[in-house]
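Comments concern the structure below.
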Amino acid sequence: MENDMKGIPRKMSAIQISNPGGPEALEKVEREIPRLQENEVLIKISACGINRPDLMQRSGLYPPPPGASDIPGLEVSGQIVDVHPTANRWVIGDEVCALVNGGGYAEYVSVPGTQCLPIPDGVSLLEAASLPETYFTVWVNVFDRAKLQSGERILVQGGGSGIGVTAIQLAKSMGCEVYVTAGTDEKCKKCEDLGAKRAINYKTENFCEVIIEETKGSGVNVVLDMVGGSYIQDEIKCLADDGRLAIIAFLGGAKSEINFTDILTRRISITGSTLRPRSTIVKGLIAKNLEKKVWPLFSKGLIRPVIDCLFPFDKASTAHELMESGDHFGKIILTL
């Protein structure tokens, strides 16, 4: 394969979406290696994380923002092999994990240097690929927007997901009382082992009733919701006065019928956000907060990556099938 003057190949293997559809729509192809723009670094990828937005993009429901690669993949880990002169923090040879705007299912990806983070102490290079998307998302929605404080209570929907295992550990490490929902007793047990005070099997229990009982009627201060739909009214019911509902997805539907009486009389706040369209400046600020406030928690043993399984790069379709089945706990990783 032809190389440039720095020894970097001009072509790379990548996984593209042939046409919107099921996991079979993912196909291995050869692509040009990205050229660096101002403030960017080039990463030779060791591993990339699988996230639900990847599945939505594959299905044609979540197109990449303008200027982003059409190749799926939002988080990677690897070694920096080229640096634009304006990306002055990093040098060739640095090992990093990074939140990318797309292009993670490939051998190489270009990314703004401000969206890169050093590998946390005690975390392997492969494990680090599981961190950026979920930690960026949880930090922004739980701590920046919903303003969860030490001593408060939080309910996390989907405790066995990548977002869920991250939220459990972060909230617990910040001195909060954590409640979660999950779809099996086995997942509930694993959530409690991670630090949840009570995990609720949503298939056999009503989460709102359990929360009211567990908190003696006080409710939780924050709900992190990725379900939407019919869940929202019950989430409002189990919020404490001045409670905050943070919506990050709507797997159960984008519409809901809400009684606004509770919102008015109990001063409930509803917020939500998506990460991918945010600006490079905003993502860089989030990265700084994570490095300062969260990354030290890894070395202290207060948080850790939770990996369900690793798949080789050419098994991306199988990895998507597993995520769609819901049989995983924690993150699914592709390795190169």
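The values are calculated or read from the model by the stated rules, or taken from the named source; none is laboratory data. Everything numeric here is computed off the predicted structure, so don't read it as measured data. Neighbour counts are summed over all protein chains in view; Cβ atoms, including those assigned to glycine, are modelled from backbone coordinates with ideal geometry.
Values for this structure:
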{"item": "Candidate set from segment 291-323 (those that are under 17 Å from K172 (Cβ atoms) and of a type in the set (V, I, T)); member that is surrounded by the fewest Cβ atoms within 10 Å (Cβ to Cβ)", "result": "V306"}
{"item": "Residue within segment 34-54 that is under 14 Å from A316 (Cβ atoms), of a type in the set (G, A, S) and either at pLDDT 95 or above or surrounded by 17 or more Cβ atoms within 10 Å (Cβ to Cβ) (or both) present", "result": "yes"}
{"item": "Residue match in segment 302-320 (condition: among the basic types (K, R) and either assigned to a helix (DSSP H, G or I) or in contact with a Cys (Cβ under 6 Å, 6 or more places away or on another chain) (or both))", "result": "yes"}
{"item": "So I268, is it more than 28 Å from M323 (Cα to Cα), touching a strand residue (DSSP E or B) at 6+ places or on another chain (Cβ under 6 Å), assigned by TED's automatic domain parsing to the domain that holds V223 and buried (at least 17 other Cβ atoms within 10 Å of the Cβ)", "result": "yes"}
{"item": "Residue count for segment 200-217, restricted to those that are β-branched (V, I, T) and loosely packed, with under 13 Cβ neighbours inside 10 Å", "result": "1"}
{"item": "Pair list, Cβ under 7 Å, 6 or more apart: segment 141-161 residue crowded, with 24+ Cβ neighbours inside 10 Å, other residue basic (K, R) and in a loop (DSSP other than H, G, I, E, B)", "result": "none"}
{"item": "Test result for I92, more than 30 Å from Q169 (Cβ to Cβ) and exposed (fewer than 15 other Cβ atoms within 10 Å of the Cβ)", "result": "yes"}
{"item": "Selection from segment 256-292 of residues that are outside any strand (DSSP E or B), free of Cβ contacts under 8 Å to residues at least 60 places away in the same chain and closer than 14 Å to D225 by Cβ", "result": "S256, I258, I268, T274"}
{"item": "Exclusive hit being over 27 Å from P65 (Cβ atoms) and touching a helix residue (DSSP H, G or I) at 6+ places or on another chain (Cβ under 6 Å), set I286, I236", "result": "I236"}
{"item": "Residue match in segment 218-237 (condition: surrounded by 21 or more Cβ atoms within 10 Å (Cβ to Cβ), assigned by TED's automatic domain parsing to the domain that holds K189 and of a type in the set (S, T, N, Q))", "result": "yes"}
{"item": "Residue match in segment 213-220 (condition: touching a strand residue (DSSP E or B) at 6+ places or on another chain (Cβ under 9 Å) and part of a strand (DSSP E or B))", "result": "yes"}
{"item": "Tally of residues being of a type outside the set (A, V, I, L, M) and over 17 Å from the mean Cα position of the chain (by Cα) across segment 151-190", "result": "18"}
{"item": "Residue tally, condition closer than 22 Å to E32 by Cβ and not in a loop (DSSP other than H, G, I, E, B), over segment 87-108", "result": "3"}
{"item": "Residues (within 13 Å of T271 (Cα to Cα) and assigned to a strand (DSSP E or B)) located in segment 221-241", "result": "V222, V223, L224, D225"}
{"item": "Qualifying residue in segment 62-72 (condition: crowded, with 20+ Cβ neighbours inside 10 Å and either not assigned by TED's automatic domain parsing to the domain that holds A316 or not in a loop (DSSP other than H, G, I, E, B) (or both))", "result": "no"}
